[in-house]
Amino acid sequence: MILCDELAERDLSGQPVRISWVGSGDFGRGMQLRAHRIRGLYPAIISDLNTERAAQTFLAAGRDSADIVVVSTVEEANAAICQGKAVVTEYLSVACQSSVDVVVEATGLPETAARVAEMAIDYGKHIVMVTVETDCTVGTVLRQRADRAGVVYTIADGDQPGNLTEFIAWARTLGFRVMAAGKGTRFYPHHRAVRMQEQPSERRQDREYDDGTKTYVELCSVANATGLRPDIGGPHLPTASLSEIPGYFRPQTEGGSLHREGVIDAVDCLDADGITLIESRLVNGTWIVVALPEADRDYMKRYMTFTTEDHAYGVLYRPHHLCGGEANMSVIKAALCGTATGAPRDVRCADVIAVAKTDLEAGSILEGMGSLGIRGELVEASAALEEDLLPASLAENVRLIVDVREGDRLTYSMVEEPEASRLWALRSEQDKETRQREAAAEMD
């Protein structure tokens, strides 16, 4: 059945898909406003420390102020939901334990996201994980828990990781051989520091994009959901236009850059000056380089806009992502179909580890991704585990116990483990399971 028709039937039968959100920032608000316009969805709860902001979101979506209620208990929330009210709360428990079908985690805070996902799964709710930093750090163990509980754990459609994961699945389903896949971005690596010195970003989120960390986080999420890996030596991150991508992401033996096929990467859409946009069609989009067998090469080149001169490789691309505008599709697929937009496999392919952006002294409190002291770097998951490298999302509110130099990769032994962190505990559980699986494989 077409999903919109099934949603319409649920609406007519008085059984809409009930949703709660944790977080009402840009992404969450976009989802919430769009959800009110989708027949068969019931945006029931918004949990936010700023309850006024949550209430304003309901008002902006067209809800009457008399229908908006602020609650502090699950019982109050359930009573309000039965009456079709719009529920506002500051309590995570209300969002995760009330009578809803799907919980959307949209705080952008890795520790909070881990707690929300655990609670939602424990109470039998599907969970849509918008905070990609949490997914790339502990997504595997959360997905395994969701599987055991009979619910769906999924990353969000509309964000580039979700879009690219589905794009890759589409290509593979049609029999395309995926050489490389990735996203378009504006990339300001730490060694190209002039732009950052002249226009220093004040927001942590901006700095996370500027130094490449956000790009690496998103690529990591896709890698773990699809089985693609960083190329040997790490992502290439070339500055390239769409027409140049197929030639760049072909094997080295054929004049390209790839040491192996099936890699995750990104394309910088800015020229070397860090200002000029050379590829406007891809800066918010996703791309896949596929191999074109000789037998159907003549046919495919008629329909693919950009291929290599010999038509052996071509690029498929999607020029946009709509963030909150598309993300409710993950809610709908989880609730109606029991399927995920994307979720990590048991065997992880990549990790984002913490690297010092400057010299740091013992005793310093690390402030995590998007700070002035730490950036993320994409590595193969096996290397991170073998070298005991510290995931970048764990390098927040923890104390260094040794001096580190700019460019050093941080290890677990360099920091004090915080108390009562669910993110740390889940990561430990995940790594333990990985080591046990590898040990069993070696015995076989």
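The values are calculated or read from the model by the stated rules, or taken from the named source; none is laboratory data. Everything numeric here is computed off the predicted structure, so don't read it as measured data. Cβ atoms come from the backbone with ideal geometry, glycine included; neighbour counts cover every protein chain shown. Please note that ligands, DNA and RNA were not included when accessible areas were found on the heavy atoms of the full protein model with its side chains. Shrake-Rupley method; radii C 1.70, N 1.55, O 1.52, S 1.80 Å.
Sequence gap at least 6, Cα distance under 8 Å: using those rules, report the relative contact order of the stretch 14-141 to the nearest whole percent.
Reported relative contact order: 26 percent.
What would the Debye equation give as log₁₀ I(q)/I(0) for the stretch 222-263 at q = 0.25, 0.28, 0.30, 0.32 Å⁻¹, counting only Cα atoms as equal point scatterers?
The Cα Debye sum returns log10 ratios of -0.92, -1.05, -1.10, -1.14.
Determine the sum of side-chain charges near Leu292: Lys and Arg each +1, Asp and Glu each -1, restricted to other residues whose C-beta is under 14 angstrom from that of Leu292.
Here the charged neighbours net out to -2.
What span do the alpha-carbon atoms of the stretch 85-162 cover on each of the three principal axes, reported in whole Å from largest to smallest?
Rounded to whole Å, the extents work out to 33, 25, 22 Å.
Could the peptides 353-365, 101-113 be put in order, highest first, of the mean number of other beta-carbon atoms found within 10 Å of their residues?
Answer by packing, highest mean first, reads 101-113, 353-365.
I need the calculated FRET efficiency for the pair Ser413 and Ser65, taking r as the beta carbon distance and R₀ as 45 Å, to the nearest 0.05.
0.25
Is the stretch 216-326 rounded, prolate or oblate when judged by the Cα gyration tensor, a ≥ b ≥ c being the square roots of its eigenvalues, rounded requiring a/c under 1.5 and prolate requiring a/b larger than b/c?
rounded
State the extension gain, in nm to one decimal, for the chain segment bounded by Leu12 and Trp170, taking 0.36 nm per residue of separation less the distance between their alpha-carbons.
Gain on extension, Leu12 to Trp170, equals 53.6 nm.
Determine the share of the chain's accessible area contributed by carbon and sulfur atoms, expressed in whole percent, with a 1.4 angstrom probe.
For the chain, the apolar C and S fraction of the accessible surface comes to 48 percent.
For the chain, count all C-alpha to C-alpha pairs, find those more than 37 Å apart, and express that count as a whole percent of the total.
That tail contains 27 percent of the Cα-Cα pairs.
Where both partners of a DSSP beta bridge lie in the chain, what percent of those bridges are antiparallel, to the nearest 5?
The antiparallel fraction comes to roughly 50 percent.
How big is D for the stretch 1-54, in µm² s⁻¹ as a whole number, if Stokes-Einstein is applied with the Kirkwood radius of its Cα pairs at 20 °C and 1.002 mPa s?
181
By a straight-distance test (C-alpha under 18 Å), which aspartates and glutamates pair with Lys85 as possible cross-link partners, with residues fewer than eight away in the same chain excluded?
Leaving aside aspartates and glutamates fewer than 8 places away in the same chain, those within reach of Lys85 are Asp11, Asp48, Glu52, Asp64, Asp67, Glu75, Glu76, Asp101.
Which of the pairs Lys333/Lys357; Lys183/Lys432; Lys125/Lys357; Lys183/Lys357 have their Cα atoms more than 30 Å apart in this structure?
Those over the limit are Lys333/Lys357; Lys183/Lys432; Lys125/Lys357.
Under 12 Å Cα-Cα from Lys301, which aspartates and glutamates qualify once same-chain neighbours fewer than 8 residues away are excluded?
Cross-link targets: Glu309, Asp310.
So, by mean Cβ neighbours within 10 angstrom, what's the order for 60-68, 72-80 with the highest one leading?
Descending packing order for the listed peptides: 72-80, 60-68.
Please report the Cα spread of the stretch 326-444 along all three principal axes, rounded to whole Å, starting with the longest.
51, 44, 27
Sort by residue number and report every cysteine in the chain with no other cysteine beta carbon within a distance under 4.7 Å.
Result for the chain is Cys4, Cys82, Cys96, Cys269, Cys323, Cys337, Cys349, no neighbouring Cys Cβ within the cutoff.
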